[in-house]
Ligand code: AMP
Ligand code: MG
């Protein structure tokens, strides 16, 4: 399973692999995706195997244009259409009634499908060259930290994918925001790379999904425990009352902690939530590997991309 640079030639090679039923890891602006032909049930089955992902957790289909993406839905409410026009390409996934042609394995048998148009130029060129929707969840083992570099993918999935396209570090760094609609109103299924404030300005106030619990969740894969590093993670308000220790790691929002730690990371020295989101997973990957017994992670303000960061930290600590 070679890691190759995402050159024009290699993107073409990857697209050919996708058309033959292969599985290719590639960069998007959110995190690295593990892609397969979204019209080929056998190819999609390999995604579940490589990730160790349960079959009840549906995949997101990626398209190269809003026009093509819209064809994957059978019905699009007006505010959803406004979101598509305003935010595609970008880190927004819409869950709407699916068109008949989509295989059941993609949607885990649901009547709705999740669709996104990524903005990353490598992702778009790859999907365009493949000439079909590409099913792609994050390129990590199920439940573990998401990958924001090709090296993260390699470390978790090893020989699994047929190819890993290296397009450098992803720019947004957290997964897409997932929105569905109920009675014409937006429902937030997962906070992510597109701030909720931006979505609400276009589609109106969003509600939380009706709680279904982990047995029957509104967004099936969004389990309480997810995005988890291998070591325990504890969310804290700040360094006050936490004793520095050579056996613990510290994940700070903007200010490097005092004292001696096994390792520490600062998400954004200037306190910028976008920058913090972009560095989140890389910092967690590093801290989980430093040999500490516990990671202390500071809360960040729960606005803008801070919502997605807090969501990931809470699931990592569950
Ligand atoms: P990932 O591709 O790993 O970012 O995860 C995709 C997530 O999208 C899944 O875990 C689900 O939570 C959500 N999702 C995908 N399809 C649907 C759907 N039809 N209905 C609700 N949520 C969905
Ligand atoms: Mg994922």
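Pulled fully out, how much extra length does the chain show between residue 55 and residue 197, if you take 0.36 nm times their separation in residues and subtract their Cα-Cα distance?
So the extension gain works out to 47.9 nm.
For residue 230 and residue 169, calculate 0.36 nm times their separation in residues minus their Cα-Cα distance, and state this gained length in nm to one decimal.
The span from residue 230 to residue 169 would gain 19.8 nm if fully extended.
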Given a 10 angstrom Cα cut-off, can you work out which residue in 98, 230, 71 is the most mobile in a GNM of the chain?
71
Per the rule of 0.36 nm per residue minus the C-alpha distance, extending residue 210 to residue 258 adds in nm 13.0 nm
Relative contact order (%) - region 152-206, alpha-carbon pairs under 8 angstrom, separation at least six
26
Given points 7 Å out from each Cα along the Cα-Cβ axis, report the residue 183 to residue 7 separation in nanometres with one decimal.
5.7
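Over every pair of different alpha-carbon atoms in region 227-318, take the mean of 1/r and invert it; report that Kirkwood radius in Å. Numbers along the way, then the final one.
Details: mean 1/r = 0.0782 Å⁻¹.
After inverting the pairwise mean of 1/r, the radius is 12.8 Å.
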R0 = 45 Å: FRET efficiency of residue 75 with residue 159, Cβ-based, nearest 0.05?
0.60
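Per the helix-only calculation at 222 nm, which mean residue ellipticity applies to the chain, given -39500 (n - 2.57) for every DSSP H run of n ≥ 4 and division by its residues, nearest 500 deg cm²/dmol?
Rounded to the nearest 500, it is -8500 deg cm²/dmol.
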Answer check: the chain, Cα atoms, Kirkwood Rh, Rg/Rh ratio of 0.96
The chain: relative contact order as a whole-number percent, Cα under 8 Å and 6+ apart
20
FRET efficiency estimate (nearest 0.05) - Cβ-Cβ, residue 111 to residue 86, R0 35 angstrom:
0.85
Dmax and Rg, reported as Rg then Dmax, of region 68-162 (C-alpha, Å):
14.8, 44
With each pseudo-label sitting 7 Å past Cα toward Cβ, what's the residue 151-residue 237 distance in nm, one decimal?
3.7
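Every number here is computed from the coordinates shown, using simple stated rules; none is lab data. As the structure is a computational prediction, the values presented were derived from the model and not from experiment. Glycine also receives a Cβ, built like all others from the backbone with ideal geometry; neighbour counts cover every protein chain displayed.
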